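The values are calculated or read from the model by the stated rules, or taken from the named source; none is laboratory data. Given the structure is predicted, the values throughout are model-derived calculations rather than measurements. Here the Cβ positions follow ideal geometry from the backbone for every residue, glycine too, while neighbour counts run over all protein chains shown. Surface areas here come from the heavy atoms of the whole protein model, side chains and all, with no ligands, DNA or RNA. Shrake-Rupley method; radii C 1.70, N 1.55, O 1.52, S 1.80 Å.
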Amino acid sequence: MFIVSTAILLAVYLGSQVLHEAGHALAALLVGYRVRGFVLFGSSAEFARPGRFIRFGRSFGRAATMVTPRRGRIRGWRGIVVYSGGVFVNLVLAVLSAPLSVSGLRCIFRSGSSNGPCVASSPMLPSHLEEILPSHPALWLAVQILFFVNLVAVFTNLVPRVMPGSVSDGKHILDLLRNPSNTEWVVMAKGSVVIDRPRSEVWDFLYEPSNVTQYDDTIVTAYRKPGSPLGVGEIHVNHRRPVPPATEGRVDETEIYEFDPPSLFVFGAAGTGVIRTELRLHAVEPGVTRLSQVAWFGKYPAQSPRYEARVLAALEARRPPIAEELTRNLEAIGRTLTTAGSGPEDAVIGA
């Protein structure tokens, strides 16, 4: 009986876990996300390596569903729906099996045996099964385990916690409720330049996309994307020079995410904007403007310690090249604008 009970426990547990992940996948499809695959007996780390749609790890009791939005990141109400999908399935299974489980426990306590004379009753159970279950202890036990396994799964998945290699659904949901954009912005580099030109002229120069070719020699041509709105949501298209051995340069689309003329605009890659650039213009005195630039990197706010360490290491590796590019960019803008004016070339770079 011990072997049978253990086998039933494992079968019900693994089956409930598979249905939990299927709930995530179904929820993702309902909100328009893509399902990239599943990891059984493991975490998302196993999916980072090439493999099939369904992968297998070496950690019993763990599983993951890999989903991606068609644009941007998992965020907002869609993210909440996706992370709640698995818990919802567990809750449904617990609710469906609860009446029969409670009825069965009453039989056990009253007769001292699961196949005693009483008959299980459930408003959702066909009458012929009510007569069969008491005489089949294994099936009866499976229903009991189904209820308790899914009830425990509901609570354990909803508790916000960070575990080695993974994060609970409850933690993801809580993060999205606190921060719907699901992004924590980290400063990568910053600097400023004083330009001997009025703020309105500096703003007009920076806002016109075609002017980027004057201070960024990696771009051949740039223009506003036809049909895009002005201000927030505006798209600039940049055609870059080819990098040998390539014969054609890539085409980048930059989107404006914040827009407050003539003081501020924030832009980054269209759709995702994981790395964004913030430009602020301050009138130091009449005819003199301080242009400040900050490079931001957006990362997920709370992940597993292993993920966090990997992201921080990547950030540290990227800081020096981003800082160098930002400094060159500010120097070139200051030099271009000052040279275009009548005053001396007195742009100054500072932190």
Practice task
Compute the signed sum of charges (Lys and Arg +1, Asp and Glu -1) over the other residues within less than 12 Å, Cβ to Cβ, of G191.
Solution key: 0
Practice task
Starting from the amide H of Y223, placed 1.01 Å from N in the peptide plane, find each other amide H under 5 Å away whose residue is 5 or more places distant or on another chain.
Solution key: V237
Practice task
Rank these by accessible area, largest first, 1.4 Å probe: W203, W185, W296.
Solution key: W185, W296, W203
Handout entry: Low-density loop cleavage sites - trypsin sites (Lys or Arg not before Pro) in region 249-296, where at most 16 other Cβ are within 10 Å (DSSP)
Key = R250
Exercise for the section: Please arrange Y215, Y223, Y33 by accessible surface area, largest first, computed with a 1.4 Å probe and ligands excluded. Expected result: Y223, Y215, Y33
Problem - Heavy-atom surface of region 184-340, accessible at 1.4 Å and reported per residue (Å²) - result: 52 Å²
Practice task
Count the net charge of all other residues whose Cβ sits under 9 Å from the Cβ of V167, scoring Lys and Arg as +1 and Asp and Glu as -1.
Solution key: 0
